[in-house]
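Report on one structure; see the data block that follows.
Since every read-out is calculated from the coordinates, none of them should be taken as a lab result. This is a predicted model, so every value here is computed, not measured. Because the Cβ atoms are built from the backbone with ideal geometry, glycine has one as well, and the counts that use them run over all protein chains shown.
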Amino acid sequence: MKTRLAKNIGTRFAQELYTRFITDMLNTLKKCGKDIIISVSDAERVADVGKWLGREYIFAAQQGAALGERMSNAFSEVFDSGYENAIIVGSDLPDLPLYFVESAFAELSGNDIVIGPSTDGGYYLVGFKHTGFNSEIFAGIEWSTDKVFAQTMKQAEKLGLSVHVLPQWNDVDDIEGLKMFFARNKDAKYAVIRAAVL
């Protein structure tokens, strides 16, 4: 649950939103027909998350301290398991267009990396093909700043990796992101929360 958003709307509403956000996003991702591995930040909660979301997914505990280390380890694990390409998306993208995800996998056939920049200077999606993965892409990044996307692109250039950039999108990690989400979506299931927090 995003602490920045909880500060604005309260823990209860933030928890309710993210519960719905995750299930909405998973419903989109399932349409791709790919294996979905849910990476849980707290190793002790993997079983709980599995009970909540069901047996159709693969569950794993995140490994590492910093965000870059956790993502690097996640990619290493899936590639060691035999996958040819993989993408990581955050848990705060309830209305991420299916087309973006399908495009990400398609573009990995001709590029080492695919990345989706977010409106706050970070990125909402990053993916690699196995032969293009280099953990150094995550080195020296100032995480949780508006420099993340630009620094990642510089790292890719430095490492000689080919990159495809997806359309820009915004995740929902603060009140401004939530307002943009509500402006795009009039879904009735969010109406009560929208009325309560805006």
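See the values below:
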{"quantity": "Computed label-point distance, nm, for sites E56 and A43 using a 7 Å Cα→Cβ extension", "calculated": "3.0 nm"}
{"quantity": "Dipole magnitude of the chain about its Cα centre (Cβ charges: Lys, Arg +1; Asp, Glu -1), debye to nearest 20", "calculated": "660 debye"}
{"quantity": "Helix axis angle, 148-159 relative to the chain longest principal axis, alpha carbon, degrees", "calculated": "10 degrees"}
{"quantity": "Ratio of Rg to Rh over region 144-194 (Cα coordinates, Kirkwood Rh, two decimals)", "calculated": "1.18"}
{"quantity": "MRE, 222 nm, helices only [DSSP H, n ≥ 4, -39500 (n - 2.57), over the chain, to nearest 500]", "calculated": "-13500 deg cm²/dmol"}
{"quantity": "Normalised per residue, the volume of the convex hull around the Cα set of region 108-198 (Å³)", "calculated": "111 Å³"}
{"quantity": "Amide H contacts under 5 Å for L166, placed H, 5+ residues apart", "calculated": "I115, G116"}
{"quantity": "Sites R20 and A139 - FRET efficiency at Förster radius 25 Å, r taken between beta-carbons, to 0.05", "calculated": "0.10"}
{"quantity": "Choice from I37, I88, I137 showing the highest fluctuation, given a GNM over the chain with Cα pairs closer than 10 Å", "calculated": "I37"}
{"quantity": "3J(HN,Hα) from dihedral phi, region 89-101, Karplus parametrisation 6.51/-1.76/1.60, rounded to Hz, x for glycine, proline", "calculated": "10, x, 9, 10, 10, x, 10, 4, x, 4, 4, 5, 5"}
{"quantity": "Listed residues A156, I88, Y99: farthest to the positive end of the dipole of region 3-197 (Cβ charges)", "calculated": "Y99"}
{"quantity": "Counted charge near T131, where neighbours are those whose Cβ lies closer than 9 Å (Asp, Glu -1; Lys, Arg +1)", "calculated": "-1"}
{"quantity": "Calculated P(r) of region 1-113 - Cα pairs past 21 Å, %", "calculated": "44 percent"}
{"quantity": "Placed amide H near N85: partners under 5 Å, 5+ positions off or other chain", "calculated": "H130"}
{"quantity": "Alpha carbon centroid spacing (whole Å) that separates region 168-184 from region 116-166", "calculated": "21 Å"}
{"quantity": "Those residues of region 104-120 whose amide nitrogen sits under 15 Å from the label point placed on E157, 7 Å along Cα→Cβ", "calculated": "none"}
{"quantity": "Percent RCO, i.e. relative contact order, over the chain, from Cα pairs under 8 Å lying at least 6 residues apart", "calculated": "21 percent"}
{"quantity": "For F59, distant residues with modelled amide H under 5 Å away", "calculated": "I38"}
{"quantity": "Cα pair distances exceeding 27 angstrom across the chain, given as percent", "calculated": "29 percent"}
